[in-house]
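Notes follow once the structure below has been shown.
The values are calculated or read from the model by the stated rules, or taken from the named source; none is laboratory data. In this text, all values refer to a predicted model and were calculated from it rather than measured experimentally. Only protein heavy atoms, including side chains, enter the accessible area calculation; ligands, DNA and RNA are left aside. Shrake-Rupley method; radii C 1.70, N 1.55, O 1.52, S 1.80 Å.
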Amino acid sequence: MKISFAVVLLLTSLLFLGGVHAEPVKELEWDAMVPEDYRPDKILNQFGDINALDDNDPKAQIILEQLEAAWRVAPVVESLDGKRVKLPGFVVPIEGDGEKLSEFLLVPYYGACIHVPPPPANQTVYVKVPEADAKIREAFDTVWVTGTLSAKPFNSDLANAGYQIEAEAVTPYE
């Protein structure tokens, strides 16, 4: 069987221009994005029974400040860098025109980033949608994001993200 030059050229362009991906997509759980040795709960343990603290207790304020500082710089799992993943989560809009969304934060639970404190950086993903083609019905929608994960930070007024994804697809979570 002889393959024509046109077929080879087409297959090569699909492979290198994003039409066909050599690496399979891995469905990712949020816990996989947290290094095993990352333990911010040690902050809580040093204060004993925190359930007995009132919100206005100065000790509670110290705990909150220490947790927020730890969460802003929460380490990422470097081995995930460059992996093609599919990750579910909730949308927190950053940039769009009201009809199409081109940038958003993906977070693991509803209401994250509008409540204080925002999730840890390693539980927040900045998503860039190249053609503003996210299939999002409304803010805080639940979606699947498929794309290549980068273990590099992104900072916004809403939260610090430890990861970024250049989205290939954003689809409703069903």
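Residues in the range 138-170 that are within 17 Å of residue 109 (Cα to Cα) and not hydrophobic (A, V, I, L, M, F, W, C) were compared, and the one that is modelled with the lowest pLDDT is 138.
Let's see how each residue does on (1) part of a strand (DSSP E or B); (2) open to solvent by less than 60 Å² (accessible area, probe 1.4 Å); (3) at pLDDT below 85; (4) of a type in the set (Phe, Trp, Tyr):
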| position | (1), (2), (3), (4) |
| --- | --- |
| 62 | no, no, no, no |
| 75 | no, yes, no, no |
| 86 | yes, no, no, no |
| 89 | yes, yes, no, no |
| 102 | yes, yes, yes, no |
| 122 | no, yes, no, no |
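Conditions (1) among the charged types (D, E, K, R); (2) at pLDDT 85 or above; (3) outside any helix (DSSP H, G or I), marked per residue:
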position: 10; (1), (2), (3): no, no, no
position: 15; (1), (2), (3): no, no, no
position: 18; (1), (2), (3): no, no, yes
position: 23; (1), (2), (3): yes, no, yes
position: 38; (1), (2), (3): no, yes, yes
position: 44; (1), (2), (3): no, no, no
position: 65; (1), (2), (3): yes, yes, no
position: 70; (1), (2), (3): no, yes, no
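Only one of the numbered conditions (1) modelled with pLDDT under 85; (2) part of a loop (DSSP other than H, G, I, E, B) is violated by residue 95, and that is (2).
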